[in-house]
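Engineer: Structure in structure tokens, see below.
A short reminder: the numbers here are calculations on the coordinates, not readings from a lab. Owing to the predicted nature of the structure, the values given are computational and were not obtained by experimental measurement. Virtual Cβ from ideal backbone geometry, glycine too; neighbours counted across all protein chains shown.
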There are 2 protein chains.
Amino acid sequence: MPNLIKQKNAAGKLIEFNMVKHTADEIYHRTHADKGEHQSLFQGQGKILLALSQTDGLSQKDLATQLSLTAQSTAEFVNKLVKKHLVTKEKSTTDRRKTVIRLTSAGRKSATKESAKVPEYLKNLTDTELDQLSAILTKMNDSLYNEISTANPSWYDKFHDSITDRLRDWFL
Amino acid sequence: MPNLIKQKNAAGKLIEFNMVKHTADEIYHRTHADKGEHQSLFQGQGKILLALSQTDGLSQKDLATQLSLTAQSTAEFVNKLVKKHLVTKEKSTTDRRKTVIRLTSAGRKSATKESAKVPEYLKNLTDTELDQLSAILTKMNDSLYNEISTANPSWYDKFHDSITDRLRDWFL
DNA sequence: ATTTTTAATCAGGTCCCCCTGAACAAAAAA
DNA sequence: TTTTTTGTTCAGGGGGACCTGATTAAAAAT
């Protein structure tokens, strides 16, 4: 029998963490005048960058299906990224309907910069704590993967492997 | 000397957690047709709800200063919440310039519903793990509070106490 | 009693995520 | 070759988080 009090405690801390982190991020990109860089990596333009950093040179259609977006949304995000010089568009030579999207070097950097660095708030943890945290997060993630796979197996399939691949790349 | 590998490991797991959680949330409010309920609690309308759930009956001005928003943004969010029947607006009787904002019962429920319940992914953790997680998150949060207070002391002041108050209320 | 400050409103704007519908050109199938 | 399917694009829309500027009404200060 798990202890409800302990669960609530942890849940509260987690909410607090999200809240405080959100504020810290806000302050950061407020003072750093990050003009528009407040995209989550997991939405819209960020998603595209992430997918490309795993497999460069996808077509818009590929991106759309992989990311569960409409072709139009995908086009919108890609165009925005082109304007920011983070990706390039070029017509495929083999199939001239297709547009191949590629990361620029700036794009690749942008996709990995925030993710590849160890945040400050982890640096105060001891080795033991880091191990504990990793183990706990692994369990939590598995839990969430389960939720996703039962709720929506097709998303899960598109999702799980690419995520873990991506993370392996970043952190090795 | 903290172990960089361990840090990166934990950092990766954390990113993975955010990513997976984001997807799980998306699936959830996609299947539950939650029309617009995908607000972070820490932004815009969510912020307002949260502030009111701590201190009901604030004026728009009070909300604005407390949340570091302009009066106009605040008004916008409040109006949207009124449309959703989550808050009510009424002219103050003592100072007829002021508008007093109050949570409806639906509003109060909405402000606490997601937060007060223990997420599934915590329920598979053992008591020991829960304790470890709480301890680790406490350290991480302190780290972030520090960041905030050095970067922007005034935000910190508005922030810290009300947060901890809020969390105490939810979880007791 | 008049000026000034304050709380809120309207108007309009920027950027973000995301979708539907309609058009169009290139490739594949009939 | 004609039809159908596929990949993109254009147009337009809904909702969200913010913001600045200008105006109004009520309270406070002079």
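Engineer: Between copies, how far does the label point of B:ASP56 sit from its twins, in nm, shortest first, when each point is 7 Å from Cα along Cα→Cβ?
Structural biologist: Those separations, rounded to one decimal, come out as 5.8 nm.
Engineer: In addition: Using the Karplus equation 6.51 cos²θ - 1.76 cosθ + 1.60 (θ = phi - 60°), what ³J(HN,Hα) coupling, rounded to whole Hz, does each residue of the stretch B:53-69 give in order, writing x for Gly and Pro?
Structural biologist: Each residue of the stretch B:53-69 in turn: 5, 8, 9, 7, x, 7, 8, 4, 4, 4, 4, 4, 5, 5, 9, 6, 10 Hz.
Engineer: Kindly state, as a whole number, the per residue volume in cubic angstrom of the convex hull around the alpha carbon atoms of the stretch B:118-172. The partial results should precede the final answer.
Structural biologist: On the way: hull volume 4.6 nm³, N = 55.
Each residue corresponds to 84 Å³ of Cα convex hull volume.
Engineer: Also, quick follow-up: Counting each DSSP H run of 4 or more residues in the protein assembly as shown as -39500 (n - 2.57), what helix-only mean residue ellipticity at 222 nm follows after dividing by all residues, to the nearest 500 deg cm²/dmol? Before the final figure, lay out each step's value.
Structural biologist: Working: 16 runs with 238 residues, N = 344.
Rounded to the nearest 500, the figure is -22500 deg cm²/dmol.
Engineer: Provide the three semi-axes, in whole Å and in decreasing order, of the ellipsoid equivalent to the protein assembly as shown as defined by the square roots of 5 times the Cα gyration tensor eigenvalues.
Structural biologist: Numbers: eigenvalues 240, 142, 83 Å².
One finds semi-axes of 35, 27, 20 Å for the protein assembly as shown.
Engineer: On to the next question. Could you list which residues have their amide H under 5 Å from that of B:THR99, counting only those 5 or more apart in sequence or on another chain, with H placed in the peptide plane?
Structural biologist: B:GLN60, B:LYS61, B:SER92
Engineer: Please give the average number of partner chain Cβ atoms lying within 10 Å of the Cβ of each residue in B:66-76, rounded to a whole number.
Structural biologist: Rounded to a whole number, the mean comes out at 0.
Engineer: Near the axis that takes chain B to chain A, which B residue has its beta carbon closest, and at how many Å?
Structural biologist: So the closest residue, with its distance, comes out as B:GLN132, 2.
Engineer: Right, next: What order do you get for A:VAL87, B:VAL82 when you list them from fewest to most C-beta neighbours inside 10 Å?
Structural biologist: On the way: A:VAL87 26, B:VAL82 15.
Result, fewest neighbours first: B:VAL82, A:VAL87.
Engineer: Step through the residues of the stretch A:128-133 one at a time and calculate ³J(HN,Hα) from phi using the Karplus curve (6.51 cos²θ - 1.76 cosθ + 1.60, θ = phi - 60°), rounding each to whole Hz and writing x for Gly and Pro.
Structural biologist: My calculation for the stretch A:128-133 gives 4, 4, 4, 4, 4, 4 Hz in order.
Engineer: Same structure, new question: Rounded to whole Å, give me the distance from the Cα center of the stretch B:42-102 to that of the stretch A:58-128.
Structural biologist: 38 Å
Engineer: Hey, which of these cross-link pairs are over 22 Å Cα-Cα: A:LYS8/B:LYS89; B:LYS83/B:LYS109; A:LYS158/B:LYS13; A:LYS13/A:LYS139? Let's see the in-between values first.
Structural biologist: Numbers: A:LYS8/B:LYS89 33 Å; B:LYS83/B:LYS109 16 Å; A:LYS158/B:LYS13 19 Å; A:LYS13/A:LYS139 17 Å.
In this structure, A:LYS8/B:LYS89 lie more than 22 Å apart at Cα.
Engineer: While we're here: How large is ³J(HN,Hα), in whole Hz, for each residue of the stretch B:20-26 in order, when computed from phi with the Karplus curve 6.51 cos²θ - 1.76 cosθ + 1.60 and θ = phi - 60°, using x for Gly and Pro?
Structural biologist: Values per residue, Gly and Pro as x: 5, 5, 4, 5, 4, 4, 4 Hz.
Engineer: About the Cα centre of chain B, what is the dipole size in debye to 20, counting +1 per Lys and Arg Cβ and -1 per Asp and Glu Cβ, all else neutral? Present the calculation step by step, with values, prior to reporting the outcome.
Structural biologist: Numbers: 26 positive and 21 negative charges, 153 e Å.
With only Lys, Arg, Asp and Glu charged at Cβ, the dipole is about 740 debye.
Engineer: Using Cβ contacts closer than 10 Å as the measure, can you line up A:ILE163, A:ILE101 from fewest to most? Each step should come with its number before you reach the end.
Structural biologist: Values: A:ILE163 19, A:ILE101 24.
If I rank by nearby Cβ atoms, fewest first, I get A:ILE163, A:ILE101.
Engineer: Which Cα, out of B:LEU81, B:TYR156, B:LEU133, lies furthest along the positive dipole direction of the stretch B:81-172 (beta carbon charges, K/R +1, D/E -1)?
Structural biologist: It is B:LEU81.
Engineer: Equivalent-ellipsoid semi-axes (√(5λ), Cα gyration tensor) for the stretch A:69-172, whole Å, largest first?
Structural biologist: Details: eigenvalues 220, 89, 24 Å².
The equivalent ellipsoid of the stretch A:69-172 has semi-axes of 33, 21, 11 Å.
Engineer: What are the extents of the Cα atoms of the stretch A:1-111 along their three principal axes, in Å, largest first?
Structural biologist: Projected onto its principal axes, the Cα set of the stretch A:1-111 covers 61, 41, 22 Å.
Engineer: Does anyone have the angle between helix B:71-83 and the longest principal axis of chain B? Alpha-carbon axes, 0 to 90°, nearest 10?
Structural biologist: The helix B:71-83 is inclined about 90 degrees to chain B.
Engineer: One decimal, nm, shortest first: give the distances between the label point of B:THR104 and those of the same position in the other copies, each label point 7 Å from Cα along Cα→Cβ.
Structural biologist: 4.9
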